[in-house]
Amino acid sequence: MSCHWPWGGPGPGHEGCRGGGEYGVCIANRGLPTEAYARVPDVTNLVMSPNGTRIAGLLAVDDDTYLVTRTVDGDKLKPILKADNKLFSIGWARWVGNERLVIGVRFPSRRGYTPMVETRLLSIDYWQGGETLNLVRSSPFDANRLQAQFQDHVVEWLQEDGQHILIQMATDGGIHPAVFKVNVFTARREMILGPRKGARAWLTDATHRVRVGVRMEEDEREVIACDLDGKNWRTLWRWKLFSKDRVHPMGFGKNPNEIYIEADHEGRDAVFTVDLSSPDLKRTLKLAHPSRDIDGGLMRSQLRGEVIGIRAETDDSQRAEIWDPKVRLLARAIDKALPERINRLLGFSADENRYMVYSSGNGIPGEYYLGDRASGDLFLLAETHAQLPAELMARKRPVVIKSRDGLDLCSYLTLPKSEGVAGANKPASPLPLVLLPHGGPPYSDDIDFDTWTEFLAARGYTVLQVNFRGSTGYGREFAAAGMQRWGLEMQDDLTDAVQWAVSQQIADPRRVCIVGGSYGGYAALMGGVKTPDLYRCVVSLAGVTDLIDLWNHEADFVGGKEIMNGMIGNAWDDRERLRATSPALQASRITAPVLLVHGTADRRVPFEQSEDMAKALRKAGKTYQFIELEEGDHHLSRNSHSLTFFKALEAFLAKHIGPASAAAGAEPAAATKPLASAAVVTAVP
């Protein structure tokens, strides 16, 4: 019996039960069971209807995800679509008018011998459910044609229309998308712009005309545009892949010749406006940050047709990313009502009276709020992790670590809450450390809430998250420093971070484990290869293990070869370096026990990457455990898969760096002998 509903606040009779969920409230953080942390978010992707009276969103129940709706003033949820997260998963939903929902779904597929992800676009009535309409239905003439891989790219929502949307989709088995106007009630579609060679994305202006395209040919990128009458297509900007000259078109302003772009400003991404009618394409700076890249989409007023700001996190208490003075005052009022959080304005009703906010923070799980500007009310609508009360969370502390060559590595340190106040600087004595490198690697860790960090801290481990070189958000030079440096300086940054933690008497050098997913899994395994004396154990979730095989896999996709050449190098020209930095080809150098976990339906990092690693470890006589998540994806989308991983991680860490290992007098990893023969465990789907 849940004492805290994920939707709409506490249940009856439990007004004083804050965040206890089905696990109870008055317990210490270590008393929260593994299930509390492993659970996927209860509620995600909430959206409000244009009239502000209805809400739709995704609700996780066991291993399934439901698209549900409710009225704002009511409390009854109506499930209208179910996904099992195996055959397909629901990516998002959005209102078209006040009666219809359009839904993007994803599913694992194969074309020939190549595993991939495909998407489809569905439409359904908001309340009664009924027939789910595929908006890209095949005609009898399409029987011998290959359907487009991606069918859920909406170019424009045509808010005033209420019946149609514009989508882009490749036709006739090609790769270059055309733009179609689609009726969401009947699925009838009309092509309004045909495909153009190399063009992979399209943008419309304020008058709903397709005006800008992005071309991609091998390692060349180009932004093209036409005049208001659809003629005079020309090149605006051209650059090489990964170049600082990159220009990302974000969208148009109210003026159909004013376009917003994201481009370089003093080494960091910033937002500019450009007048397309001006021959010199002069850029006017709209938003920049002195130390971080600006990254986010445009905020629009549907009522006035204007761009009112950027959905970017700028750490500016004055909310400079919002240009409209009234909306900026609203955002600042929300920040005052919900302090010490990151409060994101998700959108407004058509009359701009009601609005939705997603709020989370350091040690504060995500919550959705609904506000009313006329009444001044702001109330809790839904919680993502009601079973994890903020008052029991450990919280992160930002630290800056110097790399051996002088780079500042912006990092986050989390201590178990039992070691003092949340966000404390250092423990009373050195503790076992979990180094947690992020995935990507074009990504970065931040101060915001995450379940992995809180789970590990709750089990008594200090957690260190490092934004190593190659991480995004810190300028082009820092990101470029990771190009073709997998397993080299990128790995050295992680080594330097562990040595810093030891020197500060934060970490016990005899009890350090490296844990990561995706690229983080690669970094964990590569840490075991490159610095075997440093780690007592290694954990890889869906990690890359063979860079040459990864290159060959990505080369099957359009543009994949060029991206891999930039990120890791060429499979032929750089073969020796790639072999030397591939954990599966260097397994003999690993001395620490290894835990491998991978979903068999992973379409981001092929399952065979972990399978090959397990074979290499077995051949080298190493200690390892390999858990196969049957039909699991890259993101642990099913609760059973997430729980399997968390429980395996908990047991593995406890065995090698937990209290039991300390009592046994744990030695550094280099002295560790194999504890058991290799084991393969298959998770129950």
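The values are calculated or read from the model by the stated rules, or taken from the named source; none is laboratory data. A quick note: this is a predicted structure, and the numbers were derived from the prediction, not measured. For neighbour counting, all protein chains shown are included, and Cβ atoms are generated from backbone atoms with ideal geometry for every residue, glycine included. In case anyone asks, the SASA skips ligands and DNA or RNA and just uses the protein heavy atoms, side chains included. Shrake-Rupley method; radii C 1.70, N 1.55, O 1.52, S 1.80 Å.
At-a-glance table
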item: For R54, distant residues with modelled amide H under 5 Å away; result: S49, V72
item: Summed residue charge, Cβ within 13 Å of R100's Cβ, Lys/Arg positive, Asp/Glu negative; result: -2
item: Probe 1.4 Å - accessible area at S418, Å² to nearest ten; result: 90
item: Heavy-atom accessible surface of region 220-377: percent carbon and sulfur, 1.4 Å; result: 48
item: CD proxy at 222 nm, helix term only [per DSSP H run n ≥ 4: -39500 (n - 2.57); per residue of the chain; nearest 500]; result: -5000 deg cm²/dmol
item: Accessible area in the full protein assembly, largest first, 1.4 Å probe, for F379, F557, F646, F449; result: F379, F557, F449, F646
item: Whole-Å semi-axes of the ellipsoid equivalent to the chain (Cα gyration tensor, √5λ, descending); result: 40, 31, 26
item: Rounded accessible area of V154 (nearest 10 Å², 1.4 Å probe); result: 30
item: Hits among aspartates and glutamates - C-alpha to C-alpha of K244 under 15 Å, sequence gap 8 or more where chains match; result: D219, E220, E222, E262, D264, E266, D269, D293, E477
item: K282 accessible area, assembled protein chains, probe 1.4 Å, Å²; result: 140
item: Calculated log₁₀ intensity ratio I(q)/I(0) where the Debye formula runs over C-alpha points of region 132-234, q = 0.17 Å⁻¹; result: -0.82
item: Using θ = phi - 60° and Karplus 6.51 cos²θ - 1.76 cosθ + 1.60, couplings along region 299-315 (whole Hz; Gly, Pro as x); result: 9, 10, 9, 5, 5, 10, x, 10, 7, 10, x, 10, 7, 10, 9, 10, 6
item: Across K82/K647; K326/K426; K86/K615; K86/K426; K181/K231; K82/K417, pairs whose alpha-carbon gap is larger than 31 Å; result: K326/K426; K86/K426; K82/K417
item: Solvent-accessible area, 1.4 Å probe, carbon plus sulfur percent, for region 144-188; result: 45
item: Computed over region 199-355, the ratio Rg/Rh where both radii use C-alpha atoms and Rh is Kirkwood; result: 0.99
item: Which listed pairs, of K197/K254; K76/K336; K622/K655, have C-alpha distances above 21 Å, in listed order; result: K197/K254; K76/K336
item: Cα gyration tensor shape for region 43-192, rounded if a/c is under 1.5, else prolate or oblate; result: oblate
item: Residue-normalised accessible area of region 458-597, given per residue in Å² at a 1.4 Å probe; result: 29
item: Largest-first principal axis extents, alpha carbons of region 188-261, Å; result: 36, 27, 23
item: Relative contact order %, region 229-276, counting alpha carbon pairs below 8 Å whose residues are six or more apart; result: 25
item: Three semi-axes of the equivalent ellipsoid, region 582-637, Cα gyration tensor, whole Å, largest first; result: 22, 11, 8
item: Residues of region 310-444: accessible area per residue with a 1.4 Å probe, Å²; result: 42
item: Solvent-accessible surface ranking, highest first, for W486, W572 at 1.4 angstrom; result: W572, W486
item: Sulfur and carbon atoms: percent of accessible area, region 443-516 [1.4 Å]; result: 48
item: Per residue value of the accessible surface for region 49-125 (all protein chains in place, 1.4 Å probe), Å²; result: 40
item: Dipole in debye (nearest 20) - the chain, about Cα centre, beta carbon charges: Lys, Arg +1; Asp, Glu -1; result: 440
item: Computed over region 274-414: relative contact order in percent, which uses C-alpha pairs under 8 Å that are six or more apart; result: 11
item: The chain: relative contact order as a whole-number percent, Cα under 8 Å and 6+ apart; result: 9
